[in-house]
Amino acid sequence: MNHLQTAGKTAKSALILGATGGIGGAVARALLAHGWTVHALSRRPVHALPPGMEDLSAIEWHPGDAMNEADVVGAAQGVDCIVHALNPPRYKRWRELAIPMLAHSIAAARASGARLVLPGNVYNFGPDAGTLLNEASPQHPVSRKGAVRVEMEQMLQKAADTGVRSLVVRAGDFFGGHSPSSWLQTLMVKPGRTVRSVWFPGEQEVGHTWAYLPDLAEAIVRLMNLEDHLPAFDVFNFAGHWTPRGIEMAESIRRVVGDARLPIRSVPWPVLYLAAPFVTVLREVIEMRYLWKVPLRLDNRKLRSVIGDEPHTELDVAVRQSLLGLGCLPAAGHHELPTTLSPR
């Protein structure tokens, strides 16, 4: 463990924008475990948390909308960090919503003096970025969402010149029990149904990078615990689960289900292309198909130099917990696996 890493509890507070989403909820859990006070913004009064999020009852909810700057600024008063875990719902109006929402978070960070934390991804990078990406690898996105992601990071870097402190943690494809836009639940399995087959969207021997949300959230919070030691603007890569053979994720699902003969089927891309004009989510999925054709691996040496070993749940354990959360495995009686963590 790095000498900067703190131990024990903290008395800090954070505002999470997107706390009912995948990464927002995971960061909220990790913050609570580290002793932080957690606030969140909601467009509707939260009388009952969504199923599977009952453990977040300790969050203090504030009414408001992330598209309203005054609401975000008001909710951020007195907090030490703001976690911007927002994405436009159902991939609609991506740039139209993503850019102003981040601008409002920047305004709130400026007003409160809080550090702004942005969970990033690999959309910034095109096929020319190389196979092992560090924090300074060239960013030539080939998708609209990737271009927006580059612009968002540039907004944070520019804001640092005016005193707004920020932090970006880039990761691969999210997966977990609650990750609405994950490839795992969008294409590979069907939430709420027993796994009868697995749809695989890529080329079997092309590597792929995944980020298990509880591991990523823990890494983010460890950095937040150290944010006083970081530059005004900083970027870190989270390695997560690198599968040198992309098919390994589907094979893991097989092992977790306990059926070595579980069919692994190739996603019928021609059919998706035909349906895409009528289904928004399919258009967005197709736009990111290149991530399954190019092996983009994230180099986490900088992250490890600050927090020590990267949090890392063994792949089969992470997949099992994800499938349980998605309602794809019975709560009891499924194929048991060990639940240990290993350093990275």
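The values are calculated or read from the model by the stated rules, or taken from the named source; none is laboratory data. These numbers were taken from a predicted model, which means no experiment stands behind them. When we count neighbours, we look across all protein chains shown, and the Cβ atoms used for this are built from the backbone with ideal geometry, even at glycine.
Enumerate the pairs (first residue in the stretch 179-202 and surrounded by 16 or more Cβ atoms within 10 Å (Cβ to Cβ); second residue anywhere and hydroxyl-bearing (Ser, Thr, Tyr)) with beta-carbon separation below 7 Å, excluding pairs fewer than 6 apart on the same chain, so at least 6 apart or on different chains.
Correct list of pairs: Leu184/Ser322; Gln185/Ser179; Phe200/Ser266.
When the stretch 243-255 is examined, which residues are found to be without any contact (Cβ under 8 Å) to a residue 60 or more places away in the chain and of a type in the set (A, V, I, L, M)?
Once the filter is applied, which keeps residues that are without any contact (Cβ under 8 Å) to a residue 60 or more places away in the chain and of a type in the set (A, V, I, L, M), the stretch 243-255 yields only Ile247.
How many of the residues making up the stretch 211-242 are without any contact (Cβ under 8 Å) to a residue 40 or more places away in the chain and crowded, with 22+ Cβ neighbours inside 10 Å?
Result for the stretch 211-242: 0.
Listed residues Ala136, Ala147; which is small (Gly, Ala, Ser) and in a helix (DSSP H, G or I)?
Working: Ala136 fails: in a helix (DSSP H, G or I).
Answer to the check: Ala147.
Inside the stretch 75-134, can you point out the residues that are in contact with a Lys or Arg (Cβ under 6 Å, 6 or more places away or on another chain), closer than 13 Å to Ile16 by Cα and buried (at least 23 other Cβ atoms within 10 Å of the Cβ)?
Correct list: Cys81, Arg115.
Residue-wise test of (1) among the β-branched types (Val, Ile, Thr); (2) under 26 Å from Gly130 (Cβ atoms).
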residue	(1), (2)
Arg144	no, yes
Met152	no, yes
Val164	yes, no
Arg170	no, yes
Lys190	no, no
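What number of residues within the stretch 151-167 are exposed (fewer than 15 other Cβ atoms within 10 Å of the Cβ) and under 20 Å from the mean Cα position of the chain (by Cα)?
Residues in the stretch 151-167 being exposed (fewer than 15 other Cβ atoms within 10 Å of the Cβ) and under 20 Å from the mean Cα position of the chain (by Cα): 1 in total.
Give me the pairs: first residue in the stretch 14-35 and hydroxyl-bearing (Ser, Thr, Tyr), second residue in a loop (DSSP other than H, G, I, E, B), beta-carbon distance under 8 Å, and six or more apart or on different chains, which are they?
From residues that are hydroxyl-bearing (Ser, Thr, Tyr), the pairs are Thr20/Leu49; Thr20/Pro50; Thr20/Met53.
Inside the stretch 202-217, can you point out the residues that are touching a Phe, Trp or Tyr at 6+ places or on another chain (Cβ under 6 Å) and modelled with pLDDT under 95?
Gly202, the sole residue that qualifies.
Only one of Arg170, Arg110, Arg95, Arg196 is farther than 19 Å from Phe236 by Cα and under 20 Å from the mean Cα position of the chain (by Cα). Can you tell me which? First the steps, then the outcome.
On the way: Arg170 fails: farther than 19 Å from Phe236 by Cα; Arg110 fails: under 20 Å from the mean Cα position of the chain (by Cα); Arg196 fails: under 20 Å from the mean Cα position of the chain (by Cα).
Sole residue among the options that is farther than 19 Å from Phe236 by Cα and under 20 Å from the mean Cα position of the chain (by Cα): Arg95.
Any chance you could count how many residues in the stretch 114-136 are among the hydrophobic types (A, V, I, L, M, F, W, C) and within 30 Å of Gln77 (Cβ to Cβ)?
Pass one, the stretch 114-136, residues among the hydrophobic types (A, V, I, L, M, F, W, C): 114, 116-118, 122, 125, 129, 132-133, 136.
Narrowing the set further to residues that are within 30 Å of Gln77 (Cβ to Cβ) leaves 114, 116-118.
Of the residues in that region, 4 qualify.
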